[in-house]
1. What does the charge count around residue 52 come to, taking other residues whose C-beta lies under 10 Å from its C-beta (Lys +1, Arg +1, Asp -1, Glu -1)?
2. Taking 25 Å as R0, compute the FRET efficiency from the Cβ-Cβ separation of residue 76 and residue 41 and round it to 0.05.
3. Stick to the Cα atoms of region 28-170, pair each with every other, and give me the Kirkwood hydrodynamic radius in Å at one decimal.
Amino acid sequence: MRNQFWASPGAFPWAAVAFGRHGRFFEAGEVRLAILSLLAEGPKHGYQLMKEMKDRSGGMYSASAGSIYPTLQQLEDEGLIEAAQASGKRVYSLTEAGRKELEKDPEIVRQIWERAERCGDWGQFTGPDALMLYGPLAALMRASLQAAGRGDTKRVRGIIDRALHELEEL
């Protein structure tokens, strides 16, 4: 039963704490804004954009070609970016219309990169060894929240504090 819980889709409801409210790194429409904001820093090709997104999130978000290139094409079709060939690669630049689009809501752009920065520290905890802890951690969180919901918040907090102290001593 436990393996079923941790291996199922949505098994990590706590991902919404680090990611967006739906447990995804980017909410609807945010990939476009992220790309526009990266291009505001200077021209880049698709792979550079993917690498930059991964780097800024500490490896927690890994953009795929299947999400980046269609978005680039859409932005180009909308006249927000333009592409040119350079050294055999298609390099994208922000247009004036793209700058205006980006300036419409700078707060969302700021929030995107703040979220990426928060995730950056977590990126060091990836790999097979870290993945083995996700299931037990999710089960621990679930049990903690259930106990706290029954009114045992103070006791739950004590247990968590002791476990944290013991882990920090390792």
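The numbers here are math on the coordinates, done by the rules we state, and not lab data. Bear in mind that the values here come from a model prediction, so they are computed numbers and not experimental data. Reconstructed Cβ throughout: ideal geometry from the backbone, glycine too, with neighbour counts over all protein chains shown.
1. That sum, taken over residues with Cβ under 10 Å, equals +2.
2. 0.90
3. 18.1
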